[in-house]
Amino acid sequence: MTNNILVIIGGDAAGMSAASKVRREQPNRKIIVFEKSNYTSYSACGIPYFISEKVKSADELIVRDPETFRNKYNIDVKTMHLVKEVDTVSKRIKVLNKEKKEEFWQEYDQLLIATGGKAYCPDIEGHDADNAFGVTTLKSGINIERFIEEKKPKNAVIIGGGYIGLEMAEALLIRGLNVSIVNRSEQVMNTLDPDMGAIVSDAICNLGVKLYAEEELKAFKVTDKIITEVITSKQSIKTDMVIFGMGSAPNTEFIKNSGIELGVKNAIKVNAQMQTNIKDVWAAGDCTETLHLTSHKHVYIALGTLANKTGLVAGSNIAGNKAIFPGAVGTAVCKLCSYEVARTGLLEKDLKSLGIEFVTATIKSKTRAHYYPDSKDITVKLLAEKNSGRLLGGQIIGEEGAAKRIDVLATALTHNLTLQNIIDLDLSYAPPFSPVWDPVQTAARKLINYI
Ligand SMILES: Cc1cc2nc3c(=O)[nH]c(=O)nc-3n(C[C@H](O)[C@H](O)[C@H](O)COP(=O)(O)OP(=O)(O)OC[C@H]3O[C@@H](n4cnc5c(N)ncnc54)[C@H](O)[C@@H]3O)c2cc1C
């Protein structure tokens, strides 16, 4: 019987969102999930908080374990099974059972690829040392935590100042380590404009992190499989452990000869239904590219928000419904100790490369009424199209209560709102929550003067 066996590769956010949706819609459908690790449906986003011990056990990060999927949902989850090849002509995949060290072919009627991404690892001798860690899977988080517990490192060097590097810096500071960040560009967080990144760089230094900006990783000094020094373009830094926070790339090498079309950064090209160019092959999550709703270009954004949504849409369509994932505007938040950082939409450099004329304004305000206790600083930067006043992007940095204001801007971007539309929004106010004019509206009021 055709369209009977659904095979899913990857058992985390996207894969298991899809599997669960199909199970709800098709109670008798045969669903097999191949997952190369021991875990399913865990929150990679929670790893820094497990390492900082805010979350006490790695088990708390697991939403549903393989046994629950098998016993309660009748989803045949096969952990420790690595998929090595996809044969889209014969509709089968080559699988390695890692425990038995046996390979076999599994046929499918429909296939969903949800293999996520992997941390960039520099191609430098020593990158695989026993004290060097990428941060992507739950296993990598457990390895880092175990290393800190057992080896009691005093110094850590994080390569890369993106949001994962910053979240790991917070975790390691809380664990009492001296933390250094080596960052190739002048400011951390290249998902922000440099002027906003500079505020985050200052915040990091205020927290006691040593930030080595405009320095490039060149080599490691390794003794007995342990990195003892990180050598940059400017100096050598002694360390007890190294964390790679250099961004991520989609896990798609194993499909390179399958005929499945790849796009930006080798992420899988999909349509709005999450179908690939090959019939009966679907893809979702961090292994796929995303349509940016503001630039109308395809981009690579690796976020749990999108993995859950695209997994749900793929599952819905695989089960025979008609669901659409329209795209995204690149909304993200992160926290570094008391600082909150948020962004959505396009940056100045994106707009320049797209040839879009734009204006920007940055305001400083407070998270609560100025007289209300514990009011914190908040900085909001907006970017808008010069002639129309259409919002093109927003960035927010502040302390408690700052970051989630980005959701107003994300909503505005998704619906192509102008600065006037934002000013007209009936946002809530009471002294403990905001000034009378919410800071995002204050920023819109300033920027509209330049339109
Ligand atoms: C430290 C950290 C913090 C994060 N914080 C946030 C956050 O705050 N907010 C946010 O939105 N996002 C965050 N993310 C990103 C978010 O975790 C990912 O976007 C999300 O997990 C992607 O889900 P996915 O299912 O597409 O891929 P993954 O979660 O990567 O899952 C893919 C699965 O496929 C398996 N797999 C891969 N290749 C194969 C193969 N060949 N055969 C079998 N199995 C395979 C992997 O083992 C993995 O379990 C964070 C990520 C990290 C690492």
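Each reported figure results from applying straightforward, stated rules to the coordinates on display, with no laboratory input. No experiment lies behind these values; they were computed from the predicted model shown. Backbone-built Cβ (ideal geometry, glycine too); neighbour counts: all protein chains shown.
The calculated FRET efficiency for N257 paired with K54, based on their beta-carbon distance and R0 = 56 Å, is about 0.80. The Cα-based radius of gyration and maximum Cα-Cα distance (Dmax) for region 334-451 are 13.8, 45 Å. Under the combined filter of DSSP loop state and at most 15 neighbouring Cβ atoms within 10 Å, region 65-128 retains these trypsin sites (Lys or Arg not before Pro): K98, K100, K101. Could you tell me the distance between the Cα centroids of region 1-79 and region 121-177, to the nearest Å? Rounded to whole Å, the Cα centres lie 26 Å apart. Relative to the globular-protein estimate of 2.2 N^0.38 Å, the Cα radius of gyration of the chain stands at 1.03. For the chain, what is the percent of antiparallel DSSP beta bridges, rounded to the nearest 5? Taking every DSSP beta bridge within the chain, about 65 percent pair in antiparallel fashion.
Computed extension length for D374-W437: 20.9 nm, one decimal, from 0.36 nm per residue of separation with the Cα-Cα distance subtracted. At each listed q (0.13 Å⁻¹), what is the log10 of I(q)/I(0) that the Debye formula gives for region 370-437 modelled as equal alpha-carbon point scatterers? Each listed q maps to, in turn, -0.40. Neighbours of I144 by Cβ distance under 14 Å: Lys/Arg scored +1, Asp/Glu scored -1, total -3. Electrostatic tally near K364: other residues with Cβ closer than 12 Å to its Cβ, Lys and Arg +1, Asp and Glu -1, net +3.
Descending by average beta-carbon neighbour count within 10 Å, the peptides 29-36, 326-333, 306-313 line up as 306-313, 29-36, 326-333, the highest first. Model label sites at I324 and S338, defined 7 Å from Cα along the beta-carbon direction, differ in position by 4.6 nm. Normalised by the number of residues in region 158-249, the average gap of Cα pairs under 8 Å and 6 or more apart makes the relative contact order 32 percent.
Using a cutoff of 8 angstrom between alpha carbon atoms and counting only pairs six or more residues apart, the relative contact order for the chain works out to 13 percent. Take the Cα of K349, step 7 Å toward its Cβ, do the same at D109, and the gap between the two points is 4.8 nm.
The label point for D224 and the one for K210, both projected 7 Å from the Cα toward the Cβ, are 2.4 nm apart.
Listed cross-link partners K101/K218; K101/K309; K21/K78 are compared with a 30 Å cut-off, the Cα-Cα value being larger for K101/K218; K101/K309. Taking Lys and Arg as +1 and Asp and Glu as -1, the other residues whose beta-carbon sits under 12 Å from that of R445 total -1.
For the listed peptides 137-143, 338-344, 103-109, 214-220, a ranking on the average number of other beta carbons within 10 Å per residue, highest first, reads 338-344, 137-143, 214-220, 103-109. Computed extension gain for C121 through N271, at 0.36 nm per residue and net of the alpha carbon distance, reaches 51.0 nm. Taking the Cβ-Cβ separation of K152 and E99 as r and a Förster radius of 35 Å, what is the calculated FRET efficiency to the nearest 0.05? That pair, K152 with E99, gives E of 0.60.
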